[in-house]
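Trainee: I am attaching a structure below and will ask some questions about it afterwards.
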Amino acid sequence: MTRTRNIRPRRPLLAGTTAVAAMAVTAGLVAATAEPAKAATGPKLSLIAATTSITLTSWKEEPGVYLDLGTYLTAEGRPLELKVTRKSYKDPVTITQTVYEGGKAKAKVLPKGTVKDFSGLRDFAEITVTDKAGKKVLSRSEDFCPNNASGRVRPDAPATSKYPESCPTNPFTLGSVWGVEKGWAANTYAGSYTDPAMLAAGTYTAKVRVAKKYRDLFGIADKPATVKVTVRERSYEDEQSATGPASRSSASGEHAGHGAAHPAPTAHTGHGPGHAPTPAQAAAPVTSGAGPSYNVGHGPLKAAPPALPWALKKQQAARSMRVGDTSSQTDGSRKAPALQPLSKRPAGKPSVPDVPKPDLRSLPAYGIVVSDGEKDIPGKDHLAFSANVWNAGPAQLVVDGFRSPGKAKMDAYQYFYDAKGKQVGYTPTGTMEWDPRPGHMHWHFTDFASYRLLKADKKEAVRSGKEAFCLANTDAVDYTVKNANWHPFNTDLATACGEENSISVREVLDVGSGDTYSQDLPGQSFDITEVPNGTYYIQVLANPEKRLKETNVDNNSALRKIVLGGKPGKRTVTVPAHDLVNKN
């Protein structure tokens with residue numbers, strides 16, 4: 001049970017990127033050759049180090065270093081593929097491994113307790129650090145997300161990885177797929193999900209090994225990777241005052257490795273040149289891979305580690321640069337472009353054909369806090385929260401907006417496709433409106449979801465004014481459902497939602513993904529100033545006017561129980577566990 005009192009909801013700073021080395025067989029890898037796996041039908045996994053030595057920086061203003069040591073788990077023969085699911089929020093999280101018998105895929109159930117949530121394999125990597133005298137100064141375990149940003153280790157490996165880009169941390173995730181593609185390597189560094197190590201300036205030896213239970217489970221040899229570590233102390237002031245190309249190159253090169261594994265200035269993810277400690281903008285959710293300014297309003301989870309190799313991230317820090325897989329470059333980012341809207345309104349008679357349709361479902365509210373309105377409306381108490389509506393499929397939700405010249409709103413249409421992807425119908429489905437507020441400035445699809453504060457008897461007490469969205473696939477809610485897209489088209493607001501002068505806009509909610517929006521401003525959050533203390537429910541309701549055509553409209557509502565207390569100006573909210581989910 002979580003109790004929060006008088007907390008002004010804040011979006012977190014940009015967090016975490018997992019360092020990625022663009023590796024090849026000639027890159028001087030220090031590899032530990034794995035013993036044959038116990039199961040011949042599984043992958044051959046090895047722990048390798050991309051380098052024998054590395055320099056890390058400890059900033060005076062942010063003591064500690066992030067142990068991105070350049071160690072990777074590689075897969076050969078077969079990919080490492082894991083599926084993590086739970087039947088409901090009343091059931092524990094379970095995990096299976098995809099193995100092969102006679103060339104056919106088979107699910108192998110892994111032992112209970114292998115996972116507790118969807119963030120990765122717990123305590124996978126064991127790290128020991130000793131000083132020059134051989135004295136142990138640090139010993140820790142770190143979790144491992146097989147979907148960590150990664151790269152190929154041999155030139156004949158698949159050009160891109162089929163697996164998702166990160167491990168979801170939304171508390172209400174239902175299913176996830178983790179994997180290391182064959183011929184690829186996944187960084188064992190825990191990125192934004194770990195704490196800095198308090199190491200003074202000096203030289204050390206770090207030894208990284210895979211924990212015994214995972215060595216036994218996956219047939220990994222007990223051959224740890226050893227890396228010499230130099231810790232150098234620097235300050236923001238020195239960095240900011242430094243001038244000249246050499247200084248800038250050093251700055252960006254040294255820190256591009258761990259990127260924004262700790263809160264970094266918005267414009268300088270990866271500690272590029274000019275490391276001034278300025279406040280970061282709102283971060284994208286963990287599953288998005290988006291930059292800090294794309295998903296304003298969407299949250300509240302910290303940003304995902306973008307799947308970029310360190311060398312490319314170094315260049316990006318030095319100059320604005322578009323990254324992605326091209327015919328001549330495979331950087332591991334695997335971010336597909338957004339679907340393009342049609343050039344004109346649909347012609348012909350509207351119809352709703354008998355083809356697969358989306359299934360919109362709501363997740364229970366989370367990130368629930370009380371705001372006293374100090375900076376917005378003094379004397380008012382507001383209940384802020386985050387809400388997510390996701391698509392269980394089996395078809396994408398595709399909505400186009402078309403603008404008549406001179407009109408303030410767009411007319412919206414939902415599109416339908418057959419099994420081969422051919423458009424076979426469309427129907428009017430409301431409107432889109434331009435949101436001019438700073439941090440938004442995009443087209444919102446109206447009546448996508450609504451939010452109500454219900455009394456204990458489930459009757460409405462307060463309604464949120466926010467019922468329009470720019471759709472983005474911010475959260476991987478369940479990538480095990482039929483037709484789930486592990487690489488959704490629009491993971492941030494930069495790929496869709498349009499400009500003020502747009503004539504048309506296409507917004508897509510992919511199968512398996514959801515859109516989290518933080519209701520944390522007056523007009524979005526609930527005004528509870530005059531609401532009595534007691535038990536209430538936050539209702540998240542998808543498709544409230546039933547304008548969107550779905551497979552099922554009976555699963556669109558989700559409730560989260562809360563208890564309001566305190567006095568005016570000092571209101572409190574207590575959030576009981578939702579079945580086995582005991583996270584606010």
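Readers should treat all values here as calculations from the given coordinates under stated rules, not as data from a laboratory. All values derive from a computational prediction rather than experimental measurement. A quick note on method: Cβ atoms are made from the backbone with ideal geometry, for glycine too, and the neighbour counts reach across all protein chains shown.
Trainee: Just order 384-391, 561-568, 476-483 by mean Cβ neighbour count inside 10 Å, highest at the front, would you?
Mentor: In decreasing order of mean packing, 384-391, 561-568, 476-483 become 384-391, 476-483, 561-568.
Trainee: Take the Cβ-Cβ distance between Ser235 and Asp123 as r, set R0 to 30 Å, and report the resulting FRET efficiency rounded to the nearest 0.05. Intermediate results must be reported in sequence, preceding the final value.
Mentor: On the way: r = 34 Å, r/R0 = 1.13.
The calculated FRET efficiency here is 0.30.
Trainee: Which distance in nm do the two modelled labels at Lys60 and Ala577 give, with both placed 7 Å along the Cα-to-Cβ direction?
Mentor: Calculated label separation equals 4.7 nm.
Trainee: Can you pull the one-decimal nm distance between simple spin-label points at Val424 and Thr160, each 7 Å off the Cα toward Cβ?
Mentor: 2.6 nm
Trainee: Still on this structure, please answer the following. Would you kindly derive the ³J(HN,Hα) couplings of the stretch 97-110 from the backbone phi angles with the Karplus curve 6.51 cos²θ - 1.76 cosθ + 1.60 (θ = phi - 60°), listing them in order in whole Hz, with x for Gly and Pro?
Mentor: Using θ = phi - 60°, the values come out as 10, 7, 10, 10, 10, x, x, 9, 6, 9, 8, 9, 6, 8 Hz.
Trainee: Please compute the modelled spin-label separation between Ala456 and Lys223, points set 7 Å along Cα→Cβ, answer in nm with one decimal.
Mentor: It works out to 6.5 nm between the two label points.
Trainee: Moving on. If we sort 66-78, 196-208 on the protection proxy, mean other Cβ atoms within 10 Å, highest first, what's the order?
Mentor: Answer by packing, highest mean first, reads 66-78, 196-208.
Trainee: Next question. Between their Cα atoms, which of Lys112/Lys207; Lys112/Lys212; Lys380/Lys407; Lys106/Lys482 are more than 24 Å away from each other?
Mentor: Lys112/Lys207; Lys380/Lys407
Trainee: Another one. Given a cut-off of 23 Å, name the pairs among Lys162/Lys223; Lys108/Lys213; Lys116/Lys455; Lys60/Lys583 whose C-alpha atoms lie farther apart than that in the structure shown.
Mentor: Numbers: Lys162/Lys223 28 Å; Lys108/Lys213 16 Å; Lys116/Lys455 33 Å; Lys60/Lys583 33 Å.
Violating the 23 Å limit, Cα to Cα: Lys162/Lys223; Lys116/Lys455; Lys60/Lys583.
Trainee: One-quarter of the Cα convex hull surface for the stretch 44-176, in nm²?
Mentor: The number I arrive at for the stretch 44-176 is 11.7 nm².
Trainee: I've got another one for you. What are the residues whose amide H is under 5 Å from the amide H of Glu233, where those residues sit 5 or more places off or on another chain and H is modelled from the backbone?
Mentor: Here the answer is Ser58, since their amide H atoms fall under 5 Å of that of Glu233.
Trainee: Scan around Asp359 for amide H atoms under 5 Å from its own, H built in the peptide plane at 1.01 Å from N, and keep only partners 5 or more places away or cross-chain.
Mentor: Counting only residues 5 or more places away or on other chains, the set is Ala392, Gly393, Ala395, Thr551.
Trainee: What is the set of long-range amide H partners of Ala461 at a cut-off below 5 Å, with H atoms built 1.01 Å from backbone N?
Mentor: Leu453, Leu454, Lys455
Trainee: Next question, about the same structure. Any chance you could run the full-extension gain for Met198 through Glu530? It's 0.36 nm times the residue separation minus the Cα-Cα distance, nm to one decimal.
Mentor: Taking Met198 through Glu530 to full extension adds about 114.7 nm, to one decimal.
Trainee: Turning to a different aspect of this structure: Quick check for you: which residues of the stretch 565-584 have the amide N under 12 Å from the point 7 Å beyond the Cα of Thr94 toward its beta carbon?
Mentor: Flagged as within label range: none.
Trainee: Taking θ as phi - 60°, what are the ³J(HN,Hα) couplings along the stretch 151-168 by the Karplus curve (6.51, -1.76, 1.60), each to the nearest whole Hz, with x for Gly and Pro?
Mentor: x, 6, 10, 8, x, 9, 6, x, 5, 9, 8, 7, 8, x, 8, 7, 9, x
Trainee: How much length is gained if the chain between Lys104 and Asn483 is pulled fully straight, taking 0.36 nm per residue apart and subtracting their Cα-Cα distance, in nm to one decimal? Before the final figure, lay out each step's value.
Mentor: Details: separation 379, 0.36 × 379 = 136.44 nm, distance 2.00 nm.
So the extension gain works out to 134.4 nm.
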